[in-house]
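Any read-out appearing in this document is the output of simple, stated calculations on the displayed coordinates, not a laboratory observation. Since the structure is predicted, the reported quantities are computational estimates derived from the model, not experimental observations. Using ideal geometry, Cβ is built from the backbone for each residue, glycine included, and neighbour counts are taken over all protein chains shown.
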């Protein structure tokens, strides 16, 4: 690392100088850059989408194939062999709505982490607001998420689910918490990854574990049975991913007729805080993470060019 | 390939009194880290070994550039020319001191740095134009001119990876000189392409000078700089050792 940090304020033009039109190089809108530089952001997104599938025959179809294989594997292993589908009505929908969340988390987190190191040629040669890199990788992840969401909706409809205001609210809240939270994490790891490449491996590890540490494959009531009442259960419940996955269950699974019918006989199907769960805790954690992420990123972005 | 010296036009720059770039006591230190791993970090922390050697790239540099000037930066390798240019463009930040600018800056630290081989020429023009600070309308308006200047009309929709290196550099340079910045930072790019194209580039530089643009140029082509610049700064080991008349500046560098 370089010498003791110097104050940024001393390097910015004074107010009088600003009035004369002076500014410092690299002085930009900070976390608002993605909004002020929409045109450039869009071009970067298009570039990434294009580059991702260069020379691949299936192209965008891969974003269907991967979750499909994942879904089938889990469904057979856990639903059929471990017989989770016996006690969970519409287990296919339950499973897929969780998989979709964890996939989006993994993709945003992973892409954002690699966004600075992956754009080395740009970062170290030309000035452009570096905030655009994690943001464009998030938008790319969203583009891949859309087809999965479509499949999920079709699947839920097949199980007799119908859209409702509660479902819409749960979905919007879930998306907001997930994206704000993951972008916060992603900006922290992107900044750290510029200095230490170990970070991206660590992130892969977290993404791998995430599927199992949130109620994607099993139900929260099962966790409660084994560790209910302990500190660990609280921690489990406060995991923003748990909160988001539960919100997605409410959005796509909870109000399909099969489930509603079974809830009457088996109240363990209900999640602890029906219907929106700990959404406020999730949103709070997400916003705090985002603020920390932005601050960390803003502070370290001045060193990106020399660290790569 | 170095440009034919007879082809270099006389400078058309007309310096004014309006300051455009102010560099005040800028110091930049690099730490030469050998490895980017946590293991390295932990071990050196345990052994209390110094993790990095430091290297002073810029040492208390002061420089003011006025509107309409074309300032050359010369010096031997490692004298801090490119670092200074990167500090002005906002890629690197000074450790001490500060840099102030007025107006829009386009930094050409390396020709084609923002180009992506998997995009077509057209897409690259838009991407690079946007990176250099143009709006969509500006690029739309100048697109034909950019392509015409680069002389690769038939290949504009081909992926850049199929371009010859000459075509690639011509297109990249063409985008850069059409971005119309107030301050234009150029690092060793005037040795692009064949002789006719070089002549065209120099002609374009002259037009920009006539239009009153401010330029900071780094190059090893001393004769060319002598003709193009209104002022030359000599850097040695991160310090300015001379700032003034181009002919004297080159004599200073050669004497050292």
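Just want the ordering: A:295, B:111, from fewest to most Cβ atoms lying within 10 Å of their own Cβ.
Listed from fewest to most nearby Cβ atoms, that is A:295, B:111.
Rounded, prolate or oblate, given the Cα gyration tensor of the stretch B:97-199, with a/c below 1.5 counting as rounded?
Here the stretch B:97-199 falls in the prolate category.
Over the whole of B:18-27, what's the average partner chain Cβ count within 10 Å per residue? Rounded to a whole number, please.
Neighbouring Cβ atoms belonging to other protein chains average 1 per residue here.
So how much slack lies between residue B:76 and residue B:237, counting 0.36 nm per residue of separation and subtracting their Cα-Cα distance, in nm?
So the chain would gain 57.1 nm between residue B:76 and residue B:237.
Please give the Cα centre distance for the stretch B:60-119 versus the stretch A:236-308, rounded to the nearest Å.
45
Per residue of chain B, what 222 nm ellipticity follows from adding -39500 (n - 2.57) for every DSSP H run with n ≥ 4, rounded to the nearest 500?
Roughly -10500 deg cm²/dmol at 222 nm, from the helical runs in chain B.
Mind checking the alpha-carbon convex hull of the stretch A:25-307 and giving the volume per residue in Å³?
Here the figure is 140 Å³ per residue.
Shape of the stretch B:124-163 from its Cα gyration tensor (a ≥ b ≥ c, root eigenvalues): rounded if a/c is under 1.5, otherwise prolate when a/b > b/c, or oblate?
Since a/c reaches 1.5 but b/c is at least a/b, the shape of the stretch B:124-163 is classed as oblate.
I'd like to know how the protein assembly as shown sits against the 2.2 N^0.38 Å rule of thumb: what's its Cα Rg over that expected value?
The reported ratio for this selection is 1.16.
Which order do B:168, A:105, A:233 fall in if you start with the one that has the fewest other Cβ atoms within 10 Å?
Sorted ascending by nearby Cβ count, the order is A:233, B:168, A:105.
For chain B, what does the relative contact order come out to in percent, with C-alpha contacts under 8 Å and a separation of six or more?
Over chain B, the number comes to 31 percent.
Roughly how many whole Å is it from the C-alpha centroid of the stretch A:66-84 to that of the stretch A:150-202?
Using only Cα atoms to place each centre, the spacing works out to 21 Å.
So what does log10 I(q)/I(0) come out to for the stretch A:212-308 at q = 0.22 Å⁻¹, using the Debye formula with one equal point on every Cα and no solvent?
Log10 of I(q)/I(0), two decimals: -1.13.
Can you tell me the Rg and the Dmax, both Å, for the Cα atoms in chain B?
Using the Cα atoms of chain B, the pair Rg, Dmax is 19.7, 62 Å.
To test your reading of the geometry: what angle, between 0 and 90 degrees and rounded to tens, separates the Cα axis of helix A:279-300 from the longest principal axis of chain A?
It works out to around 20 degrees.
In what order do B:137, A:224, A:246, A:48 fall by count of nearby beta-carbon atoms within 10 Å, going from fewest to most?
Sorted ascending by nearby Cβ count, the order is B:137, A:224, A:48, A:246.
Per residue of B:84-97, count partner chain C-beta atoms within 10 Å of its C-beta, then hand back the mean as an integer.
The mean count of partner-chain Cβ atoms within 10 Å per residue comes to 6.
What does the structure give for A:42-52 when I average, per residue, the other chain Cβ atoms found within 10 Å of the residue Cβ?
4
Helix-derived [θ] at 222 nm for chain A: sum -39500 (n - 2.57) over DSSP H runs of at least 4, divide by residue count, nearest 500?
Roughly -21500 deg cm²/dmol at 222 nm, from the helical runs in chain A.
Give me the three principal axis extents of the stretch A:1-138 from the C-alpha atoms, as integers in angstrom, largest value leading.
Result, largest extent first: 72, 35, 30 Å.
Return the distance in nm (one decimal) between the two label points of a simple spin-label model at residue B:53 and residue B:27, each offset 7 Å from Cα along Cα→Cβ.
Rounded to a tenth, the inter-label distance reads 2.1 nm.
Expressed in nm², what is the orientationally averaged projection area of the convex hull enclosing the Cα positions of the stretch A:149-297?
9.9
In degrees, nearest 10, range 0 to 90: what is the angle between the Cα axis of helix A:38-52 and the longest Cα principal axis of chain A?
Tilt relative to chain A: about 60 degrees.
Among rounded, prolate and oblate, which fits the stretch B:177-256 when a ≥ b ≥ c are the square roots of the eigenvalues of its C-alpha gyration tensor, a/c under 1.5 means rounded, and a/b larger than b/c means prolate?
Verdict is prolate for the stretch B:177-256.
Could you order peptides A:110-118, A:143-151 by the average number of other Cβ atoms within 10 Å of their residues, highest first?
A:110-118, A:143-151
Need one number: % antiparallel among DSSP beta bridges in the protein assembly as shown, to the nearest 5.
Around 60 percent antiparallel, to the nearest 5.
Over the C-alpha atoms of the stretch A:202-266, what are the Rg and the largest Cα-to-Cα span, Dmax, in Å?
Every Cα atom of the stretch A:202-266 included, Rg and Dmax give 13.4, 43 Å.
At 7 Å along Cα-to-Cβ for each site, give me the label-to-label distance between residue A:225 and residue A:65 in nm.
That separation, rounded to one decimal, is 3.8 nm.
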